[in-house]
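Single-structure report; data block below.
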Amino acid sequence: MSDLSAPSDRGLQAERTALSWSRTSFAFLVNGALLMVRNLHGSGGPAGVFPAVLAGVVALVTYGISVQRQRILQRPIGARITARRPIYIVGTASMVLIVVTTIGQLV
């Protein structure tokens, strides 16, 4: 028989969420590093640096969201925990980075 007054086991949801946001941030950072390496060996000029800088900015924003989400998930379960806006921000930033990188390849 279960005791209803016992606290519920939340598992490792907060830790998994923090790790997934951190991995996403790291992926953007690696993308920026690879774009910078490609620019160093090519003749892209100053315009070739822009996608790498953009990837770095997106990585920092994603890391900031990661820290914020970790704080939110440490609150009691009754608190608002949806992440709609951060997901839209990171998704839009991903699409912008893809477009900027593609245009940089064509120019």
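Here are a few things to note about the model shown:
- Looking across Ala79, Ala59, Ala47, one residue alone is of a type in the set (A, V, I, L, M, F, W, C) and modelled with pLDDT of 90 or more. It is Ala59.
- In the stretch 44-67, the residues that are in contact (Cβ under 8 Å) with a residue 60 or more places away in the chain and surrounded by 17 or more Cβ atoms within 10 Å (Cβ to Cβ) reach residues that are among the small types (Gly, Ala, Ser) and in a helix (DSSP H, G or I) with C-beta atoms within less than 8 angstrom, at least six apart or across chains, in these pairs: Gly44/Gly104.
- Every condition in (1) under 28 Å from Thr82 (Cβ atoms); (2) surrounded by 11 or more Cβ atoms within 10 Å (Cβ to Cβ); (3) at pLDDT below 85; (4) not small (Gly, Ala, Ser) is met by Asn39 except one, and the failing one is (1).
The values are calculated or read from the model by the stated rules, or taken from the named source; none is laboratory data. This one's a predicted model, so the numbers in the text were calculated from it and none came from an experiment. All Cβ positions, even for glycine, are placed from backbone atoms using ideal geometry, and neighbour counts span all protein chains on display.
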